[in-house]
Amino acid sequence: MKNNIVLIGFMGSGKSTVGKQLSKLLGYTFVDTDLYIEQKENMTVSEIFAKHGEAYFRTLETEVAEVLSHKERLVIATGGGMILNKKNAQTLRSNALSVWLKVSPETVLERLKNDTSRPLLNHPNKTKAIEELLLQRNAMYNAACDVNVNADDTLENVTQSILSICGKM
Ligand code: S3P
């Protein structure tokens with residue numbers, strides 16, 4: 001029996017917004033892995049990347065995945081790179097339905113055009129950075145999910161789609 005729901009997908013796919021709504025509707029507890037890490041380290045994700053580097057941030061993600069996989073009735077919004085490490089994907093999925101919020105580069109750009117909080121997108125050519133990273137990652141999101149939903153849709157509709165999938169399981 002899987003006890004949690006884990007939302008995976010690219011930056012700007014709506015994991016946190018959808019996760020909050022979904023957790024309220026299901027009566028589950030919402031956890032955002034980026035926020036969890038920021039609170040634990042007392043630094044923002046950007047500060048962690050700048051001070052300790054991406055590899056260190058990835059080790060923190062592995063620790064969080066392990067801790068959360070032992071809990072119940074959680075909706076977990078992951079950082080967009082969480083499942084790049086297959087071990088994290090397996091750990092989280094061992095106790096969760098894994099839902100991929102599948103998003104187009106156009107939607108990501110529209111949602112994050114003014115955002116400066118994602119170090120991997122702080123690039124002079126944001127469009128190219130998004131397209132290249134999405135291309136590299138989509139197969140990994142696909143491999144790490146049980147189901148996918150079209151996250152170009154409104155976040156309300158995405159939440160309803162996931163609820164309906166949960167109802168059928
Ligand atoms: C990252 C996504 C971010 C955050 C970090 C790295 C990534 O989370 O974990 O900036 O590698 O895709 P969001 O997906 O919540 O933006």
Would you be able to say whether some residue in the stretch 39-60 is more than 21 Å from Thr159 (Cα to Cα), without any contact (Cβ under 8 Å) to a residue 12 or more places away in the chain, within 13 Å of the ligand (Cβ to nearest atom) and among the aliphatic types (A, V, I, L, M)? yes
Return a yes/no flag: does the stretch 136-147 have any residue that is more than 14 Å from the ligand (Cβ to nearest atom), without any contact (Cβ under 8 Å) to a residue 40 or more places away in the chain and farther than 17 Å from Ser13 by Cβ. no
Tell me, please, whether a residue that is farther than 21 Å from Phe49 by Cβ, in contact with a Leu (Cβ under 7 Å, 6 or more places away or on another chain) and modelled with pLDDT of 95 or more can be found in the stretch 107-123. no
Considering the stretch 5-26, residues that are part of a helix (DSSP H, G or I) and within 13 Å of the ligand (Cβ to nearest atom), and then whichever is nearest to Arg137 (Cα to Cα), we arrive at Lys15
Could you please tell me which pairs satisfy a Cβ distance under 7 Å, a separation of 6+ or placement on different chains, a first residue in the stretch 13-30 that is more than 16 Å from Ser164 (Cβ to Cβ) and of a type in the set (A, V, I, L, M, F, W, C), and a second residue that is within 16 Å of the ligand (Cβ to nearest atom) and assigned to a helix (DSSP H, G or I)? Phe30/Gly19; Phe30/Lys20; Phe30/Ser23
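The values are calculated or read from the model by the stated rules, or taken from the named source; none is laboratory data. Values in this document were obtained by computation on a predicted structure and should not be read as measured data. Glycine gets a Cβ as well: all are built from the backbone with ideal geometry, and neighbour counts include every protein chain shown.
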